[in-house]
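The structure appears right after this line, and notes come after that.
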Amino acid sequence: MERGMRDDHVFHRDLSKKYPLITHGKGSYLYSEEGTRYLDACSGAVAANLGHGIEEIASAMANQAKRAAFVHTLRFETPVLYKLSEKIARFAPDGLNKVYFTSGGSEANESAIKLARQFHRDAGKPEKHVVIGRWQSYHGNTFGSLSAGGDIKRRQVYTPNLLHFTHIHSPNCLRCPFQRDKGDCDSRQDWSCSTSLEQLILEVGPQNVSAFIAEPITGSQLGSVVPPDNYFKEVRRICDQYDVLLIADEVMTGFGRTGKTFAIEYFDVIPDIITFGKGISAGYAPLAGMIVHDRLIKGLIQNSKGKFVHGYTYSGHPVSVAAGLAVLDIYEREKILENVVEKGNYLLQKLIELKREIPLIFDVRGKGLLLGLEFAADAEGTPFKQDLQITERINEKAIELGAVFYPGSGTINGYLGDHLIVSPPLNSKTNEIDELVHILRKSIKLTIEEIREAGFYDSAK
């Protein structure tokens, strides 16, 4: 056997790494076969929104599997499909009333990109095909969603295969890519991060641009960065002016993660398409999709004979949809949104206190229970060297201490800059928040000691 290759048959995410084997989970905790308990302080990949081991959800899935485990939605549908679609439409902003299901967020964004293309083409605008995304954003790993996204490291391997989509900078007032001051932008009512969208549309040609896709709060690639208050209002105005569809990627932020059902609600804007995933099934089954505005549906009926030229085998999979319906029932019954606001404010204050205590923490940000920490070598925000992998080190220490977070890098330019997402389950309790902050504090301090001893952080205290 070759060096570094493990003696098993799993194609691991990292073939050189040995992962703990999780035998079960309960609430906010996961348990390994060795009996180690881990506090799931990132809800897996910001997906396990209700924690683990909920019998109600498992029973709903099992009951549906007993009735009909699978039907192909090109030929048949199931009652549970109608129930979940109706409930999602009720939660969605006005005008978004049709729900298309997929298995994951990448598929959801791929579907939205293709729908935007077909909508314009069939309306007599065949040149409209370019999607504008944002650098340091993430929309998935299929070629279409990867092309629209701005995750530089993930894109580089596949550059020859990517579509010719274009990008603008993501808004980040702390590290403004335009070197502007937020106060100046606000006083002038002129935000380069939004006006750059109009400039790019004009450069590409409005007749060629199909859609603009953006996360309302930028997640994994920037670490929970909230845009300026008027950002999306300007984006909506520009999209309307040039007949460009606005796709809000709510795969990470949707269904309560930020304290609103959808994060776009913070900005008083109605998009043409909302994509969702993760929280819809709270991680209990692969489920995602898109919610489509009525005007697009009317366009499909009028210009496309009602047919969307697209589909997946597992679209609307009955067992996954049953999981989603049970999850939304719990969100409503247990007033999960209220808990997110309460615990999110509590966690935010604890992290702000941690920032005052530990100089390594450069910024604390986010909404609800999607909070981010950015790390820097000094008070001016000087980034650490890329190969130090600061947040990976912090997370490794946390795992040793019994908690897991969501580390990230490339905060500044896709390469430099380190951040960590803190995103526990939406039904977290106060004592669990206290525990994760305690472990986080200890993990950061252990990392400081480690890099100081290696001579990488002279100012550590």
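Is it true that some residue in region 275-282 is more than 19 Å from ASP94 (Cα to Cα), touching a strand residue (DSSP E or B) at 6+ places or on another chain (Cβ under 8 Å) and not in a helix (DSSP H, G or I)? Yes - at least one qualifying residue is present in region 275-282. PHE101 meets each of the listed conditions (1) in contact with a His (Cβ under 8 Å, 6 or more places away or on another chain); (2) surrounded by fewer than 22 Cβ atoms within 10 Å (Cβ to Cβ); (3) within 17 Å of TYR284 (Cα to Cα) apart from (2). Might you let me know whether region 214-224 holds any residue that is in a strand (DSSP E or B), at pLDDT 95 or above and not polar (S, T, N, Q)? Yes, that holds for at least one residue. Looking across region 284-311, the residues that are under 18 Å from VAL251 (Cα atoms) and either loosely packed, with under 15 Cβ neighbours inside 10 Å or not β-branched (Val, Ile, Thr) (or both) come down to TYR284, ALA285, PRO286, LEU287, ALA288, GLY289, MET290, HIS293. In region 349-360, the residues that are under 17 Å from TYR457 (Cβ atoms) and in the same structural domain as ALA379 (by TED's automatic domain parsing) never reach a residue that is among the aromatic types (Phe, Trp, Tyr) and in a helix (DSSP H, G or I) with C-beta atoms less than 9 angstrom apart, at least six apart or across chains. Tell me yes or no: at least one residue of region 445-459 is under 26 Å from the mean Cα position of the chain (by Cα) and among the hydroxyl-bearing types (Ser, Thr, Tyr). The answer is no; no qualifying residue exists. Taking region 47-136 and the helices (runs of 4 or more DSSP H) fully enclosed by it, the elements with 2 or more residues that are modelled with pLDDT of 95 or more and in contact with a strand residue (DSSP E or B) (Cβ under 9 Å, 6 or more places away or on another chain) are at 79-91, 105-122.
Residue by residue, here is whether (1) within 21 Å of SER224 (Cβ to Cβ); (2) in the same structural domain as THR382 (by TED's automatic domain parsing); (3) assigned to a loop (DSSP other than H, G, I, E, B); (4) without any contact (Cβ under 8 Å) to a residue 24 or more places away in the chain holds:
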residue: ILE412; (1), (2), (3), (4): yes, yes, yes, no
residue: LEU416; (1), (2), (3), (4): yes, yes, yes, no
residue: PRO425; (1), (2), (3), (4): yes, yes, yes, no
residue: SER428; (1), (2), (3), (4): yes, yes, yes, no
residue: ARG441; (1), (2), (3), (4): yes, yes, no, no
residue: GLU449; (1), (2), (3), (4): no, yes, no, yes
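Per-residue answers, yes or no, for (1) closer than 20 Å to VAL251 by Cβ; (2) among the aliphatic types (A, V, I, L, M):
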site	(1), (2)
LEU146	yes, yes
LYS153	yes, no
GLN156	no, no
PRO160	no, no
PRO171	yes, no
CYS176	no, no
GLN179	no, no
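The sole residue among LYS18, LYS26 that is under 20 Å from ASP434 (Cβ atoms) and either free of Cβ contacts under 8 Å to residues at least 40 places away in the same chain or not assigned by TED's automatic domain parsing to the domain that holds LEU347 (or both) is LYS26.
Among the candidates VAL321, VAL309, VAL327, the residue that is in the same structural domain as GLN118 (by TED's automatic domain parsing) and either modelled with pLDDT under 95 or touching a strand residue (DSSP E or B) at 6+ places or on another chain (Cβ under 8 Å) (or both) is uniquely VAL321. For region 154-207, taking the residues that are in contact with a helix residue (DSSP H, G or I) (Cβ under 6 Å, 6 or more places away or on another chain) and hydrophobic (A, V, I, L, M, F, W, C), the one that is modelled with the lowest pLDDT is identified as TRP191.
In region 137-150, which residue that is hydroxyl-bearing (Ser, Thr, Tyr) and assigned to a loop (DSSP other than H, G, I, E, B) is surrounded by the fewest Cβ atoms within 10 Å (Cβ to Cβ)? Only one residue tops the list, namely THR142. Quick one: is LEU388 crowded, with 18+ Cβ neighbours inside 10 Å and within 30 Å of SER281 (Cα to Cα)? Criteria not met by LEU388.
A count restricted to region 177-191 and to residues that are farther than 23 Å from LEU245 by Cβ and within 26 Å of the chain's Cα centre (by Cα) stands at 3.
Restricting attention to region 357-367, does a residue exist that is modelled with pLDDT of 95 or more, under 24 Å from the mean Cα position of the chain (by Cα) and over 30 Å from LEU416 (Cβ atoms)? So far as region 357-367 goes, no, none of its residues is modelled with pLDDT of 95 or more, under 24 Å from the mean Cα position of the chain (by Cα) and over 30 Å from LEU416 (Cβ atoms). Selection of first residues in region 298-317 that are among the polar types (S, T, N, Q) and of second residues that are buried (at least 17 other Cβ atoms within 10 Å of the Cβ) and modelled with pLDDT of 95 or more, restricted to Cβ pairs under 7 Å at least 6 apart or on distinct chains, gives the following pairs, ordered by first then second residue: ASN303/ASP122; SER304/GLN118; SER304/ASP122; SER315/THR73; SER315/PHE101; SER315/THR102. Listed by first and then second residue, the pairs with beta-carbon distance under 8 Å, at least 6 apart or on different chains, first residue in region 283-295 and assigned by TED's automatic domain parsing to the domain that holds VAL321, second among the charged types (D, E, K, R), are ALA288/GLU107; ALA288/LYS278; ILE291/LYS98; VAL292/LYS98; VAL292/ASP272; HIS293/ASP272; ASP294/LYS98; ARG295/ASP272. Beta carbons closer than 9 Å, at least 6 apart along the sequence or on distinct chains, never pair a first residue in region 155-180 that is outside the structural domain of TYR138 (by TED's automatic domain parsing) with a second that is surrounded by fewer than 17 Cβ atoms within 10 Å (Cβ to Cβ) and of a type in the set (Asp, Glu).
Applying the criterion of being within 21 Å of the chain's Cα centre (by Cα) and small (Gly, Ala, Ser) to the residues of region 34-84, the residue that is surrounded by the fewest Cβ atoms within 10 Å (Cβ to Cβ) is ALA45.
None of ALA48, ALA68 is touching a residue at least 60 places away in the same chain (Cβ under 8 Å), in contact with a Pro (Cβ under 7 Å, 6 or more places away or on another chain) and either among the charged types (D, E, K, R) or not assigned by TED's automatic domain parsing to the domain that holds ALA326 (or both) except ALA48.
The values are calculated or read from the model by the stated rules, or taken from the named source; none is laboratory data. Just so it is clear, the model here is predicted, and its values are computed rather than measured. Neighbour counts are summed over all protein chains in view; Cβ atoms, including those assigned to glycine, are modelled from backbone coordinates with ideal geometry.
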